[in-house]
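Novice: I'd like to ask some things about the structure below.
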Amino acid sequence: MPSPFDQLQATLASRGPDAALVEAANLLRQQKKFHELFEILKIKLRRQLGLPLLASDAADRLTDQQRTKLEDGLIGACREVGAALLAEGKIREGWMYLRPVGDKADAAKLLSSIEATDDNYEDLIEICLHEGIDVGRGYGLVLERFGTCNAITTFDSSLARRHRGEQAPAARLLLRQVHADLVASVTADVARQEGKPPREKTLQELVHDRDWLFQDNSYHLDTTHLAATVRIARALTEPDDLRLALDLTKYGRCLSQQFQYPGDEPFIDMYPAHALYFQALLGDKTDEALNYFKAKAEMLDPQHHGYAAIETYIDLLSRLGRHDAALAAAMQFGLGSIQSLGNAPPLVELAHRSGDYSAILAHCRQKEDLLGFTAALVESVNHK
């Protein structure tokens with residue numbers, strides 16, 4: 001049987017260099033030598049474009065058409081080789097090729113077929129969570145492998161500055177884990193004290209008329225974990241999640257005062273303030289919540305307390321669908337026209353949500369904000 005080298009020589013002699021390159025690529029696929037495959041695919045592509053087979057330090061003089069075809073071809077080669085490496089379980093190597101492709105959904109789909117093991121879970125966490133490919137899966141592995149304390153630390157260090165949509169999968173997993181653990185712990189305590197399992201299923205129901213659960217400064221779950229989970233749950237939007245978060249505040253308000261840690265403004269009253277926030281998002285006590293957070297936004301000096309109170313108030317208005325009021329408040333408190341303030345949308349985005357650009361155009365004109373005026377002007381045309 002002829003060797004691969006003999007095969008390539010014979011193919012070159014009988015069918016030419018293009019066929020030899022195709023055969024070399026097929027041989028490397030069979031041998032699973034994917035790094036070498038990438039180089040062959042590059043050579044094949046450069047030959048098709050009439051370029052030197054090997055790229056040199058000197059920049060290629062490419063036409064616009066050649067450049068586009070070269071870039072598209074290299075992306076295709078990266079996609080094939082990255083997918084092949086992931087199929088072999090080589091996560092970091094595969095991601096090295098898939099990163100320039102920029103298709104997170106496809107990468108997440110490929111990674112979903114790889115089972116987490118003791119050997120690869122750190123790589124999966126790195127790519128899924130820290131590279132943002134599948135935040136939910138990556139964060140779930142952190143919870144599973146390292147526990148709640150490390151998961152909270154990871155959220156604050158890796159996700160706190162990301163968009164709410166990226167935070168939500170991780171926040172949801174943490175909330176459900178902590179809520180389930182706390183319900184189980186309280187249920188076990190009630191069963192032990194009363195001699196039978198309780199019928200109640202929620203924390204609010206379980207703690208009702210059972211003040212003895214908290215005697216002698218008792219608690220049923222690390223109280224710092226509880227406070228952090230309630231804080232992180234502000235990233236969530238689904239009613240079922242908000243109800244779980246609200247349920248945690250019902251328990252938190254029963255704790256000894258020494259365990260009701262103050263939060264950052266405007267949530268310094270940790271559990272009452274969060275309860276009001278979650279209730280508003282669930283359609284309850286909406287006006288009371290808006291009045292509370294509006295007062296905080298007006299009272300707290302940003303120089304001493306930062307802009308969190310203002311951000312929270314404007315964001316809450318927008319989340320409740322009161323976009324006109326959110327836009328008015330954002331202009332009152334001096335939010336940027338195109339730059340967001342934390343979770344509070346910028347003025348142009350709020351104008352888009354309200355559908356009325358007249359106020360922001362007048363505001364930007366008055367502030368001599370040419371950038372914001374232009375963005376709003378163009379966006380108003382796109383919105384029609």
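The values are calculated or read from the model by the stated rules, or taken from the named source; none is laboratory data. Note that the structure is predicted; figures quoted are calculated from it, not measured. Here the Cβ is made from the backbone with ideal geometry for all residues, glycine too, and neighbour counts use every protein chain on show. Keep in mind that these areas ignore ligands, DNA and RNA; they rest on the heavy atoms of the full protein, side chains included. Shrake-Rupley method; radii C 1.70, N 1.55, O 1.52, S 1.80 Å.
Novice: Would it be correct to say that E194 is over 30 Å from A105 (Cβ atoms) and either out of contact with any Leu (no Cβ under 8 Å at 6 or more places or on another chain) or small (G, A, S) (or both)?
Specialist: Values: over 30 Å from A105 (Cβ atoms): yes; either out of contact with any Leu (no Cβ under 8 Å at 6 or more places or on another chain) or small (G, A, S) (or both): yes.
For E194, the condition - over 30 Å from A105 (Cβ atoms) and either out of contact with any Leu (no Cβ under 8 Å at 6 or more places or on another chain) or small (G, A, S) (or both) - is met.
Novice: Continuing with this model, one more query. Being under 26 Å from the mean Cα position of the chain (by Cα) and open to solvent by 20 Å² or more (accessible area, probe 1.4 Å) is the requirement here; does G342 meet it?
Specialist: Values: under 26 Å from the mean Cα position of the chain (by Cα): yes; open to solvent by 20 Å² or more (accessible area, probe 1.4 Å): yes.
For G342, the condition - under 26 Å from the mean Cα position of the chain (by Cα) and open to solvent by 20 Å² or more (accessible area, probe 1.4 Å) - is met.
Novice: Which of the residues belonging to the range 127-178 are among the hydroxyl-bearing types (S, T, Y) and within 13 Å of T229 (Cα to Cα)?
Specialist: Matches in the range 127-178: T148, T153, T154.
Novice: From the list R199, R145, which residue is loosely packed, with under 13 Cβ neighbours inside 10 Å and either closer than 29 Å to P272 by Cα or not β-branched (V, I, T) (or both)? Before the answer, list the steps.
Specialist: Details: R145 fails: loosely packed, with under 13 Cβ neighbours inside 10 Å.
Answer to the check: R199.
Novice: What do you reckon, is D72 farther than 24 Å from V22 by Cβ, in a helix (DSSP H, G or I) and not aromatic (F, W, Y)?
Specialist: Details: farther than 24 Å from V22 by Cβ: no; in a helix (DSSP H, G or I): yes; not aromatic (F, W, Y): yes.
No; evaluated as a whole, the condition is false for this residue.
Novice: For residues that are open to solvent by less than 40 Å² (accessible area, probe 1.4 Å) and either of a type outside the set (A, V, I, L, M) or under 20 Å from D264 (Cβ atoms) (or both), tally how many sit in the range 318-328.
Specialist: First, the residues of the range 318-328 that are open to solvent by less than 40 Å² (accessible area, probe 1.4 Å): 318, 326-327.
Of the ones still in play, those that are also either of a type outside the set (A, V, I, L, M) or under 20 Å from D264 (Cβ atoms) (or both) are 318.
So the count comes out to 1.
Novice: If you go through the range 255-272 one residue at a time, do you hit one that is open to solvent by 50 Å² or more (accessible area, probe 1.4 Å) and in contact with a strand residue (DSSP E or B) (Cβ under 9 Å, 6 or more places away or on another chain)? First the steps, then the outcome.
Specialist: Of the residues in the range 255-272, the ones open to solvent by 50 Å² or more (accessible area, probe 1.4 Å) are 257-258, 261-262, 264, 268-269, 272.
From what's left, in contact with a strand residue (DSSP E or B) (Cβ under 9 Å, 6 or more places away or on another chain): none.
No: the range 255-272 contains no residue that is open to solvent by 50 Å² or more (accessible area, probe 1.4 Å) and in contact with a strand residue (DSSP E or B) (Cβ under 9 Å, 6 or more places away or on another chain).
Novice: Between residues in the range 1-26 that are free of Cβ contacts under 8 Å to residues at least 12 places away in the same chain and residues that are open to solvent by less than 50 Å² (accessible area, probe 1.4 Å) and in a helix (DSSP H, G or I), which pairs lie under 8 Å by C-beta distance while being six or more apart or on different chains?
Specialist: From the range 1-26, the pairs are L12/A19; L12/A20; A19/T11.
Novice: Which of the following residues is outside any helix (DSSP H, G or I) and aliphatic (A, V, I, L, M): A116, A105? Give the steps one after another, and end with the answer.
Specialist: Working: A105 fails: outside any helix (DSSP H, G or I).
Sole residue among the options that is outside any helix (DSSP H, G or I) and aliphatic (A, V, I, L, M): A116.
So that you can scan it fast, the table gives a plain yes or no per residue for (1) in contact with a helix residue (DSSP H, G or I) (Cβ under 6 Å, 6 or more places away or on another chain); (2) over 28 Å from E166 (Cβ atoms); (3) among the small types (G, A, S):
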{"position": "A275", "(1), (2), (3)": "yes, no, yes"}
{"position": "H304", "(1), (2), (3)": "no, yes, no"}
{"position": "E311", "(1), (2), (3)": "no, no, no"}
{"position": "Q332", "(1), (2), (3)": "no, yes, no"}
{"position": "S340", "(1), (2), (3)": "no, no, yes"}
{"position": "P346", "(1), (2), (3)": "no, no, no"}
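Novice: Another question, if that's okay. Given the condition crowded, with 22+ Cβ neighbours inside 10 Å and over 24 Å from V230 (Cα atoms), answer yes or no: does some residue in the range 374-383 qualify? Explain how you work it out, then say what you get.
Specialist: Here is the first cut: in the range 374-383, the residues crowded, with 22+ Cβ neighbours inside 10 Å are 376.
Those left that are additionally over 24 Å from V230 (Cα atoms): 376.
Yes: one or more hits.
Novice: Working only within the range 219-236, note down all residues that are part of a loop (DSSP other than H, G, I, E, B) and in contact with a helix residue (DSSP H, G or I) (Cβ under 7 Å, 6 or more places away or on another chain).
Specialist: Hits for the range 219-236 are Y219, H220, L221, L236.
Novice: Oh, and also: Quick one: C78 ticks every box in (1) farther than 19 Å from K32 by Cα; (2) open to solvent by less than 60 Å² (accessible area, probe 1.4 Å); (3) in contact (Cβ under 8 Å) with a residue 24 or more places away in the chain; (4) in a helix (DSSP H, G or I) bar one, so which box is it?
Specialist: For C78, the exception is condition (1).
Novice: Can you tell me which condition A289 does not meet? The list is (1) open to solvent by less than 60 Å² (accessible area, probe 1.4 Å); (2) more than 18 Å from E265 (Cβ to Cβ); (3) not in a loop (DSSP other than H, G, I, E, B), and all the others hold.
Specialist: Result: A289 fails condition (2) only.
Novice: Continuing with this model, one more query. Collect the residues in the range 97-130 that are closer than 15 Å to C78 by Cβ and not hydrophobic (A, V, I, L, M, F, W, C), keeping them in residue-number order.
Specialist: Y97, R99, P100, G102, D103, K104, D106
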